[in-house]
Protein chains: 2
Amino acid sequence: MAKSDVKVLGAWPSPFVMRPTIALNIKSVEYEFLQEDLGSKSELLLKSNPVHKKIPVLIHGDKPVCESLIIVEYIDETWSSAPSILPSDPYDRATARFWAAYVDDKVFPSMKEIFIAEGVEAKKAAIQQLVDGLILLEDAYVKCSKGKPFFGGNQIGYLDIAFGSYLGWLIVTEKFNEVKLLDEAKTPGLAKWADIFCADPAVKDVMPETDKLAEYAKVLAKMRAASK
Amino acid sequence: MAKSDVKVLGAWPSPFVMRPTIALNIKSVEYEFLQEDLGSKSELLLKSNPVHKKIPVLIHGDKPVCESLIIVEYIDETWSSAPSILPSDPYDRATARFWAAYVDDKVFPSMKEIFIAEGVEAKKAAIQQLVDGLILLEDAYVKCSKGKPFFGGNQIGYLDIAFGSYLGWLIVTEKFNEVKLLDEAKTPGLAKWADIFCADPAVKDVMPETDKLAEYAKVLAKMRAASK
């Protein structure tokens with residue numbers, strides 16, 4: 001597959017964009033990354049995802065695929081030789097999909113809530129909500145990984161990608177709020193998993209640097225404040 | 001597979017519950033339907049879906065599977081002999097998943113909005129939003145079905161189940177608001193598709209009767225008004 005046959009329309013701070021890029025790295029598929037300016041979306045983005053007009057979009061040949069987790073499944077099914085991203089057993093697949101949806105529907109909104117909550121009490125409540133959500137995910141980690149390093153076993157799988165893509169923002173959230181969200185006491189499995197995940201060859205070059213992401217988060221917060 | 005090995009925890013008015021039951025019917029898998037009282041959830045439901053405490057849950061042997069579309073994929077992968085529910089081609093699978101997510105994220109909230117909107121103008125705006133959403137889906141139908149009766153081709157597939165499960169509520173919404181939502185003028189493909197879908201042997205016994213659903217919707221509306 002020539003590099004130009006696979007393109008990812010994305011933006012470096014987006015956790016959702018990391019999902020297809022990690023999946024392509026796992027499959028050793030070369031791709032061209034087209035950085036989108038979200039203030040002025042490209043014609044290619046608008047044409048490729050006319051319904052939502054959102055990144056990421058994977059363009060394979062001339063076919064656009066949208067929605068980050070759907071793209072990950074597409075990559076797994078298209079470049080179907082090992083390593084597999086989804087587990088092979090139907091029940092394990094359903095479990096991975098369940099927790100990936102949980103991460104998007106519960107963990108991500110809690111992180112967003114911390115970012116926008118105003119006042120000490122509201123921030124504290126939002127942090128607690130996130131911590132509670134992560135404790136449930138710790139339990140899922142113990143069950144899914146069965147003593148192996150990843151949710152997916154010995155290698156990064158679907159749920160690793162789904163949750164791991166938020167780690168950059170989770171670390172920034174820790175820094176901004178002077179709180180430990182993944183720690184030895186409450187989520188020992190996830191704390192260790194996060195280090196191994198971030199150091200993985202498929203991940204380390206696409207995981208944004210914490211300082212750069214923190215700077216970006218400060219700009220976002222200022223824009224939010226100015227728009228009020 | 002003995003009937004008692006497969007259970008569905010559900011409630012008859014729920015569009016989400018129809019998804020696993022249609023999928024099981026397509027695969028000719030017998031199942032036991034356990035009607036939940038949502039005012040007083042069963043121990044089995046709370047134990048089977050401790051995270052969301054929501055129906056539907058499929059219990060296969062002693063394993064619970066949650067989230068309606070995840071259950072449909074589980075059924076397709078577990079009873080993997082034909083007929084298939086997901087398309088076989090990865091791009092067609094991604095397309096079906098994309099539009100199924102669209103139905104849940106855009107079409108369903110628009111229907112809900114019509115139900116709760118107050119005042120003539122707000123209702124009109126909500127109806128228009130739904131109609132716009134359905135026109136986009138008509139376009140998807142034309143592309144996916146390629147002249148065949150279903151989104152999935154000659155037989156009911158994943159996206160047929162995802163959207164078709166809302167048809168009962170869509171018809172009730174039409175009745176309550178004296179408006180045609182799927183019609184010959186704006187959505188000719190979907191209008192014809194809806195009739196064929198509802199008459200299908202895998203669907204017709206699990207699709208709620210319109211009058212019964214309309215009565216249920218009236219009770220819901222009264223409860224909502226009383227709780228204000």
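The values are calculated or read from the model by the stated rules, or taken from the named source; none is laboratory data. Nothing here was measured: the structure is a model prediction, and the numbers come from that model. A quick note on method: Cβ atoms are made from the backbone with ideal geometry, for glycine too, and the neighbour counts reach across all protein chains shown.
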*asked:* Could you go through segment B:34-50 and let me know if any residue there is surrounded by fewer than 20 Cβ atoms within 10 Å (Cβ to Cβ), within 14 Å of chain A (Cβ to nearest Cβ) and without any contact (Cβ under 8 Å) to a residue 24 or more places away in the chain.
replied: yes
*Extreme residue, surrounded by the fewest Cβ atoms within 10 Å (Cβ to Cβ), among residues of segment B:70-86 that are facing chain A (nearest Cβ under 8 Å) and touching a residue at least 12 places away in the same chain (Cβ under 8 Å)*: B:T78
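Let's see how each residue does on (1) in contact (Cβ under 8 Å) with a residue 60 or more places away in the chain; (2) charged (D, E, K, R); (3) assigned by TED's automatic domain parsing to the domain that holds B:M111:
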{"residue": "B:L137", "(1), (2), (3)": "no, no, yes"}
{"residue": "B:C144", "(1), (2), (3)": "no, no, yes"}
{"residue": "B:N154", "(1), (2), (3)": "no, no, yes"}
{"residue": "B:E178", "(1), (2), (3)": "no, yes, yes"}
{"residue": "B:F197", "(1), (2), (3)": "no, no, yes"}
{"residue": "B:T210", "(1), (2), (3)": "no, no, yes"}
{"residue": "B:M223", "(1), (2), (3)": "no, no, no"}
*Does segment B:166-188 hold any residues that are crowded, with 20+ Cβ neighbours inside 10 Å and of a type in the set (G, A, S), and which are they?*
B:G168
*Out of (1) more than 13 Å from chain B (Cβ to nearest Cβ); (2) among the basic types (K, R); (3) closer than 27 Å to B:V72 by Cα, what's the single condition that is false for A:K54?*
(1)
*Working only within segment B:94-123, note down all residues that are within 10 Å of another protein chain (Cβ to nearest Cβ) and farther than 25 Å from B:I55 by Cα.*
B:A94, B:T95
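Which one is farthest from A:P13 (Cα to Cα), of the residues in segment A:155-184 that are among the polar types (S, T, N, Q) and assigned to a loop (DSSP other than H, G, I, E, B)? So that I can check it myself, show each step before the final result.
Within segment A:155-184, the first condition is being among the polar types (S, T, N, Q), and the residues that meet it are A:155, A:165, A:173, A:177.
So of that shortlist, the ones also assigned to a loop (DSSP other than H, G, I, E, B) come out as A:155, A:165.
Working: A:Q155: 24, A:S165: 10 Å.
Filtering segment A:155-184 for residues that are among the polar types (S, T, N, Q) and assigned to a loop (DSSP other than H, G, I, E, B), the one farthest from A:P13 (Cα to Cα) comes out as A:Q155.
Using the structure shown, decide if A:E77 is farther than 28 Å from A:L181 by Cα, touching a helix residue (DSSP H, G or I) at 6+ places or on another chain (Cβ under 8 Å) and not in a strand (DSSP E or B).
On the way: farther than 28 Å from A:L181 by Cα: yes; touching a helix residue (DSSP H, G or I) at 6+ places or on another chain (Cβ under 8 Å): yes; not in a strand (DSSP E or B): yes.
Here the answer is yes, as A:E77 does meet what is asked.
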*Exactly one condition in (1) over 22 Å from B:N25 (Cβ atoms); (2) at pLDDT 95 or above is not met by B:A162; state its number.*
(1)
*For segment B:138-190, what are the residues that are touching a strand residue (DSSP E or B) at 6+ places or on another chain (Cβ under 6 Å) and more than 17 Å from B:Y102 (Cα to Cα)?*
B:I156
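Listed here are the residues, each with its yes/no results for (1) more than 10 Å from chain B (Cβ to nearest Cβ); (2) among the aromatic types (F, W, Y); (3) over 25 Å from B:V72 (Cα atoms).
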{"residue": "A:S68", "(1), (2), (3)": "yes, no, no"}
{"residue": "A:S88", "(1), (2), (3)": "no, no, no"}
{"residue": "A:V142", "(1), (2), (3)": "yes, no, yes"}
{"residue": "A:K146", "(1), (2), (3)": "yes, no, yes"}
{"residue": "A:F150", "(1), (2), (3)": "yes, yes, yes"}
{"residue": "A:F176", "(1), (2), (3)": "yes, yes, yes"}
*Would you pick out the residues in segment B:87-100 that are of a type outside the set (K, R) and in contact (Cβ under 8 Å) with a residue 24 or more places away in the chain?*
B:P87, B:D92, B:T95, B:A96, B:W99, B:A100
*Just checking, which of B:F108, B:F150, B:F115 is in the same structural domain as B:D211 (by TED's automatic domain parsing), among the aromatic types (F, W, Y) and closer than 30 Å to A:D62 by Cβ?*
B:F150
